[in-house]
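These notes are about the structure you will find just below.
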Amino acid sequence: MAGAACYRLKVFVPNLELIFQVLALSRLPYQLVKSSEEGLRLALSVVFIAGLSQTLSQSVVLFAHRVRPRRFALSLLVGAGLYVFGFLFLVTSIWFVARYAFGETEPLLVVVRAVGLAYAPYLFSFIVLTPYFGSFFSATLALWNLSATLLALSVIFGVTLFQALLCSALGWLLLQVVQRTVGRPVQALAQRARHLAAGRRLEFNKNLKDLVRQGREK
Amino acid sequence: MNDAFVFALVALGGFLLAGALSPFEALGWWAGWFGREADDVARSAAPNPVVSGARQFVVFLTGIHSVSGETFARREIELLEALRERLPDAEVLEVFPYSVNNRALTGQRFFAWFWRLALKLKLSRVAFAGFIINLRNAFQVAVSADKRYGPIYNQGMAETIHGALRGHGYWVGSGVPVTIIGYSGGGQVAVGAAVYLKEIIQAPVTVITLGGIVASDEGLLALEHLYHLVGRRDRVQRVGPVFFPGRWPVLPYSAWNQAKAKGIIRVVDMGPVDHTGKDGYLDSEATLPDGRSHFEATVETIGNIIEGEG
C-alpha cells in the first residue's frame, strides 16, 4: 500500500515539474515528449483536468437550470470528456495541415503529447469564475495557452514561432469548417450528451435574466 | 525561491481561490442546493404581519465592512435613528446585502465561527480581520455587478428585501414607494436588486447611494431615480468610474450614461467629504463650510430626497 503510494508520488512529482516548465514556457518538456514514447497519458490527463476546470468555469448555465448536485458532477465529467474530444479534433486538424500543407512528418501522437501538455495553463480555468474579472482571466489563459502551443509546435516540427502560428491558425480554420459542415451531427450528439447528463434540456443561448424570471415564476 | 516570493504566491493563490468560490453562495442558493429550505420554512411559518400605515419604506444596505443585517457601526446606527426621527411617516429597516438569503456571516452553517472570530478581531482593531471581511463582501459586490451572476444574485437580494418589507408590514399592491439606501458597496447591490424588487412589489423604487460603488447595471434604466451622493474627498467611490467601463464617458450607450442622459441618475455633490470614518459622510464632528456637520448634511440630503420622492 505504502509502496504503491510512494510509486505514485515518484511519478507525480516529475510530472508536476514538467507542468511547471510548460507554464514557464520552457522548450524542454516538448523536447522530452518528442524523443520519448511516454507522455501520452500525462498529456491527456492535463487536457481532461483542464476540461473539468473549464466546464466548472462555465457552470453558471447548470446552476441557472437548477441542476441537482449529482447531475452537476456528471455534467462536469461529460463536459471534460467532450473537451478532450474537442482537443483531439483540433490536434488532428493541426497535424493534417502540418503534414499536407507543410510536409511535416511527425506522427500524430507526438503532436497530441506536445499540444496536450501545452493545455496546462487551462488547468487554472476555474479562476474565470472570479466575478467581474473573469473575462480578463479568460483572455490571459487563452494567450498563455496559445504561447505554449506555438512553442510546442515549433519544437516538435522544428519551425519558427511564426510558422507554428500559421500552422495552428490553419488547423483551427480547418476545424471550424469541419464543425460547420460535416461535424454538425457530432456537435448535436455532444449537445445531447450535455442535456442527458444534466437531466434536462439546457438552453445555452437564453439570456440569464429570462431564465431567472422563468425560474421565479415556477 | 525566497520566502517573500512563496508568501506572495500563496497570497495570490488564496485571493484567486476566494474570488473563484465567491459566486457559489448565490448560485447554490438559486439552484436550491442550500439556503432555500430555511427561507421557505420561515415564510410559511411567519404570521401575516399587520399592514403598516407607513407612507414610505426605506431599506438601508450597509457597506462591505459588515457581517450581519444589524449594522454594528455606531455612525450607521445613528444615521438610521436620525432618519426615523426625520421621517416619522416612513418605516426604516436594514437588510444585509452580502448574502442572498439574508443570512448573516455569523449565522452561516459551516463558517459562523470563522466570521465571529473575524468580527471579534476586527472590533479589537486587528486590521487584517477587517480586510478579510471587506474582501469577502467586496467579492459579493462584484458578483452583483457581473453579468454572469448578477441576475441571480440581484433576484435573491430583491426577494430578501421583499421578505424584510413584508415583515415590517409592507403590502404588495399597496403602491407604497420604496427607497433603498446603499452605502458604499451596498450601492451596487441596491441598484442591482431594485429592478427585480420593482417587479415583485409593483411600486416605485428609488435608490440613493452614499459614496456608492456602482457598475453600469442595466437595471438603472428601470429605476425612478438614482441619487448618487458623492463626497469630493471620497476616493473609494471612484472605484466605480475607473473599474466599470460602462461608466466611462466614451461609451454613451452604456446603461449608466443612458440613465444619466435621461435624468434618472442625479449626482449630488456632498462637498469636501470623505468616504468613511473621520471626515466621512457620517462624521458628526467635521463641518462643512456652511456650518452643518457632515452627518447633519447627509441626513438632511437623504431626508429631502425621500420626502421629495414620496
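The values are calculated or read from the model by the stated rules, or taken from the named source; none is laboratory data. Small disclaimer: the values here were computed from a predicted structure and weren't measured. Reconstructed Cβ throughout: ideal geometry from the backbone, glycine too, with neighbour counts over all protein chains shown. The protein model used for the area step is the full one, side chains on, heavy atoms only, and it has no ligands, DNA or RNA in it. Shrake-Rupley method; radii C 1.70, N 1.55, O 1.52, S 1.80 Å.
Table for the structure above
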| quantity | calculated |
| --- | --- |
| 10 Å Cβ shell holding at most 11 others, DSSP loop, trypsin sites (Lys or Arg not before Pro): longest site-free stretch of chain B | B:1-108 |
| Average Cα contact separation per residue, the stretch A:64-145, under 8 Å, 6 or more apart, as relative contact order % | 20 percent |
| The stretch A:155-218: mean projected area of Cα convex hull, nm² | 7.4 nm² |
| Spin-label pair residue B:199/residue B:224, simplified geometry with 7 Å Cα→Cβ offset, distance in nm | 2.0 nm |
| Mean separation of Cα contacts under 8 Å, 6 or more apart, over the residue count of chain B: relative contact order % | 15 percent |
| Calculated Rg and Dmax of the protein assembly as shown using C-alpha coordinates, Å | 27.1, 84 |
| Quotient of C-alpha Rg and 2.2 N^0.38 Å, computed over the stretch B:216-278 | 1.16 |
| Violating pairs (Cα-Cα greater than 30 angstrom) within the set B:198/B:278; B:147/B:198; B:122/B:147; A:206/B:198 | B:198/B:278; B:122/B:147 |
| Value of D in µm² per second that Stokes-Einstein yields for the stretch A:1-140, Kirkwood Rh from Cα pairs, at 20 °C (1.002 mPa s) | 128 µm²/s |
| Rg ratio (alpha-carbon, reference 2.2 N^0.38 Å) - the stretch A:104-218 | 1.40 |
| In the stretch A:157-201, the trypsin sites (Lys or Arg not before Pro) that fall in loop regions by DSSP, at most 12 other Cβ within 10 Å | A:201 |
| Largest to smallest accessible area among B:33, B:113 [probe 1.4 Å] | B:113, B:33 |
| Residue mean of other protein chain beta carbons inside 10 Å, B:146-157 | 6 |
| Calculated on alpha-carbon atoms, Rg and Dmax of the stretch B:103-232 in Å | 16.0, 47 |
| Under the span-like rule (Cα at least 27 Å along the axis, Kyte-Doolittle mean at least 0.0), DSSP H helices of chain A | A:2-23, A:69-100, A:134-157, A:161-180 |
| Estimated [θ] at 222 nm from DSSP helical runs (n ≥ 4, -39500 (n - 2.57)) normalised by residues in chain B, nearest 500 | -14500 deg cm²/dmol |
| Accessible area in square angstrom per residue, the protein assembly as shown, 1.4 angstrom probe | 49 Å² |
| Peptide ranges B:5-13, A:18-26 listed from the most packed, as the mean C-beta count within 10 angstrom indicates | A:18-26, B:5-13 |
| More than 28 angstrom apart: percent of Cα pairs within chain B | 38 percent |
